[in-house]
Amino acid sequence: MFNMRIDIIRKELDRRFKEVEELQPQQATDEQIEEACNRFLHFLLTEPFIKPYILDLSNFKEHFIKSNPFKQIRGKIIEAVKTIIAEIDKASIIDQDFNDKFKERHDVLFIVNIHAFNFTRHPSIPNPEQYIEELRSIDSYPDQNAVEGLGIILEKFDIVFRIATELSKQYDKVKIDNNIQYLVDCNEKYKAHVRTKASYDGASSLNKLLLPYLVSDYKILSGVEPSDFGKEVIIGGGPYQEKIFGTSAGPEFIDHCRNVYHAVDKFLSTSKSKSFLIDRLLTYCRWIKKEDFPKPKDKDRELRISKIVEEFLFNHGYFPLINFKMGKSIPDILSAPGTNVRWDNSILIELKQSIGTPYTYSELTKNIVQAKQYLSLVKGAKSDIVDIVYLLVFYDGNTPLEVEKSLRDECEKKNIRIELIYVGDKTPSTLGAPKMLKAPAKTTKKKQPGKKAAKRSSGRKKRNA
């Protein structure tokens, strides 16, 4: 396992970027700029703590296409297109007069490369009727194609309704205008994510930096492949292919390096970076230090567990504050920054142990409330210290424990991450089936008849006897 220390990584990040930033674009050659940029990118792709983030950033567009905002955009596009087509059918817009007018105008703009919509269909659409027929199945297009071709869809609808207006066709103009505006809004939202946000987050600059890197000797040293990165890097005229035909880094690549530098610097300061650190802590506890965890009969079990966690944080460039006071509250661990590490790198941990005793759903809910209160207290004192609290529960026994997904998701929305860490003597192959920690099912008791009702019933029986 590599020795990841946030402070050391920060210093190396600054040193590597300084080599690029000190270049004078007016005096440096393209070869010198390319070499400096490649060295900077090579550091990012060979530093194990940063590399996963860089690969993730390069796949920015692919991640967005799998996201709920994209699915919402795609759903709205399909709904609007089908509404417009239904109105075209209802008003019988495309008829012989329409086709004659279209041929008269020779509107060659209507011919479109179908790759903007669906790779499985014929290469071009010569007339509006066939084009509308093609759009009827827009909901079966691959996710990205239905959205990528939105600009062309808008162009073609514009031509259809321009001709329809010239022919005095009667259609619901308000409905059409509303749905066209719907498509325009969807197009703007999509472009805002894949262009503006990609540029703002540094993804666009990263993919441009990969242009010279992936055909350099550094690529061989790092062991990465073009397929590790976003599709924009390796397909359809992307930067990687352009480089093969002779494109090289220029002065603007210094700015691209600066954008990526700021993106990585932000990553090292956010919960995404801290989450990676906690993942390593879990591995450290479950593997490296498992034999050092206390047994059920040992005293001061939580104190001994705390020391293991503290040691890990200290070795990774943090300075743990243990049982510090905030009024009458005493959170377990708040890591203060070490050398060259800012406060926004701090980590708040609420530590619990259930070694020798069963851990229940009731205890979990109490611990969640406590962790939430500590997070509020710390953020109330200084809002930029932490943005999440980690509830770490160490347990033993014969049964692995799991947290119900709905509860875990609810806690994550409130910036509480729950981790149940098994430190018992059993191996995975000898542990029983997992036990889900979830709220007990509610049971409805049958209402017992009251005394008066029972007496009335008894009286009726006697009269009937």
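The numbers here are math on the coordinates, done by the rules we state, and not lab data. No experiment lies behind these values; they were computed from the predicted model shown. Here the Cβ positions follow ideal geometry from the backbone for every residue, glycine too, while neighbour counts run over all protein chains shown.
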Residue by residue, what Karplus-based ³J(HN,Hα) values in Hz, rounded to whole numbers, does the stretch 201-217 have, using 6.51, -1.76 and 1.60 with θ = phi - 60° and x for Gly and Pro?
7, x, 5, 4, 5, 4, 5, 6, 5, 5, 3, x, 5, 6, 10, 9, 5
Pull out the extension gain between Gln170 and Gln32, defined as 0.36 nm times the separation in residues minus the alpha carbon to alpha carbon distance; nm, one decimal.
43.2 nm
Expected vector for the stretch 160-175, Karplus 3J(HN,Hα) from phi with 6.51, -1.76, 1.60 and θ = phi - 60°, integer Hz, x for Gly and Pro, equals 4, 7, 5, 5, 4, 5, 4, 8, 6, 5, 9, 9, 6, 5, 5, 4
For Glu350, what residues show an amide H to amide H distance below 5 Å, using hydrogens built from the backbone and excluding near sequence neighbours?
Tyr390, Leu391, Leu392
Can you pull the Kirkwood radius for the stretch 271-437, inverse mean 1/r over Cα pairs, to one decimal in Å?
16.5
Residues whose built amide H sits under 5 Å from the amide H of Tyr359, excluding neighbours closer than 5 in sequence, are none
Phi-derived 3J(HN,Hα) across the stretch 303-319 with the Karplus relation (6.51, -1.76, 1.60, θ = phi - 60°), rounded Hz, x for Gly and Pro, is 5, 5, 5, 4, 5, 5, 5, 4, 4, 4, 4, 5, 5, 10, x, 10, 10
Per-pair calculated FRET efficiency, R0 = 60 Å: Glu133 and Glu311 via Cβ, rounded to 0.05:
0.30
